[in-house]
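Reading through the structure tokens given below for one structure.
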Amino acid sequence: MDQDNRSLISLEGLGREDILSLLEKAAGFEAQPNRKILDGKVVATLFFEPSTRTRLSFETAVNRLGGRVIGFSDAATTSSSKGETLKDTIMMVSNYADLIIMRHFLEGAAKYASEVSPVPIINAGDGANQHPSQTMLDLYSMLKTQGRLDDLNIYLVGDLKYGRTVHSMLTAMRFFNPTFHFISPEELKMPSEYKEFCRINGIRFQEHSEFNEDVIADADILYMTRVQRERFTDLMEYERVKDMYILKNDMLRSTRPNLRILHPLPRVNEIAQDVDSNPKAYYFQQAKNGLYVREALICNALNLI
Ligand code: CP
């Protein structure tokens, strides 16, 4: 891990031991979530795109650790709506805060912010690019439910083109010998650069267009994703693909006992409501795990653990 620049922009700079160490720290926060580690610290949350879980779990993490939060959840209320540049916004906020957590609609915005900011930046999602804190909580959820990260069969379903969470997951899982199955319509296939990343890193993957009981029979993790309307330039295309893959409870009958269903949320139609009461559904606990993982990520960025 680069200890000089403590920003978290993607998971590329983290090795296997860094990831496992952060997950172990997250487990410590799960055991003891309320501590005064951030006493006197101010954390800014700058959300240029909508969020429920990411922003509120980061802010809860700061509150539970005794820090203070400033920021915005609607950029229209800030001076960026008057034309202030991202650089100037970051320079201003770094006058007030010890750490900036930022979600932005532009791919590369977090990296750019980290290059101009005197304080660390945590990327809370940049366009269709990366969402590293989501991946860390996804890994934490896999570790908790499977007892290991190595040698898992992971099925990624839905919007693999624009889904930043699945892109970040490939980056992190390169150390853990996974077998991925990419299930998507033609229009939303995993982009070629990520498939090339898999080939270079020896990650096995298969692509499927069918989504049914037989295809998912060997899954340890079924990772559902939302088709992201906000990323489409052609809304007719969105309408055509939005309901193509819906997980229904009866598709889970002959799946592995250890299977767990994850979803970064929000869900729209891609998981039927009756799946929620199936013991294999884990997406709400997964979101809860985000609190502990983000406590660890904040403390790591501030060099406090
Ligand atoms: N998973 C996730 O990023 O959710 P939000 O968009 O609600 O933050």
*Spin-label model distance (nm) - residue 31 vs residue 199, 7 Å beyond Cα toward Cβ*: 4.5
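Just list whichever of 161/248; 25/82; 195/242; 111/248; 87/144; 82/189 have alpha carbons separated by over 31 Å in the model shown.
25/82; 111/248; 87/144; 82/189, as the Cα separations exceed 31 Å there.
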_Alpha-carbon spread of segment 34-130, three principal axes, descending order, Å_ = 38, 26, 24
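Ranked highest first by average number of other Cβ atoms within 10 Å, how do 201-214, 265-278, 144-157 line up? Mind showing how you got there, number by number?
Values: 201-214: 13.0, 265-278: 15.1, 144-157: 17.6.
Highest to lowest by the protection proxy: 144-157, 265-278, 201-214.
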*Of the options 160, 191, 202, report the single residue whose Cα projects farthest towards the positive end of the charge dipole of segment 133-287 (beta-carbon charges: Lys, Arg +1; Asp, Glu -1).*
202
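Go through 9-19, 93-103, 248-258 and give me the packing order, highest mean Cβ count within 10 Å leading. Please list the in-between numbers first.
Working: 9-19: 17.0, 93-103: 21.4, 248-258: 13.0.
Top to bottom by mean Cβ count within 10 Å: 93-103, 9-19, 248-258.
Once you charge only the Cβ atoms, +1 for Lys and Arg and -1 for Asp and Glu, what is the size of the charge dipole of the chain about its Cα centre, to the nearest 20 debye? Mind dumping the intermediate values first?
Working: 36 positive and 41 negative charges, 164 e Å.
Magnitude of the dipole: close to 780 debye.
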*Any idea which of 27, 117, 223 is furthest toward the positive side of the dipole for the chain, if Lys and Arg beta-carbons carry +1 and Asp and Glu beta-carbons -1?*
27
*In what order do 161, 195 fall by count of nearby beta-carbon atoms within 10 Å, going from fewest to most?*
195, 161
*Computed FRET efficiency, Cβ-Cβ of residue 63 and residue 107, R0 45 Å: what is it to the nearest 0.05?*
0.90
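Full-extension gain between residue 284 and residue 18, please, as 0.36 nm times their residue separation minus the C-alpha to C-alpha distance.
Working: separation 266, 0.36 × 266 = 95.76 nm, distance 2.60 nm.
Here the segment from residue 284 to residue 18 would lengthen by 93.2 nm.
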_Relative contact order [Cα under 8 Å, 6+ residues apart], the chain, whole percent_ = 21
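Which of the DSSP-defined H helices in the chain satisfy a minimum axial length of 24 Å, computed from C-alpha atoms, and a minimum mean Kyte-Doolittle hydropathy of -1.0?
Values: long enough: 283-301 (26 Å, -0.10).
Going by DSSP H runs, the hits are 283-301.
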*Any idea how far apart residue 214 and residue 246 come out in nm if each label point goes 7 Å out from Cα toward Cβ?*
2.3
*At 0.890 mPa s and 25 °C, Stokes D of segment 165-305 from Kirkwood alpha-carbon radius, µm² per second*: 146
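Throughout, read-outs are computed from the coordinates displayed, never taken from laboratory work. These numbers were taken from a predicted model, which means no experiment stands behind them. Glycine gets a Cβ as well: all are built from the backbone with ideal geometry, and neighbour counts include every protein chain shown.
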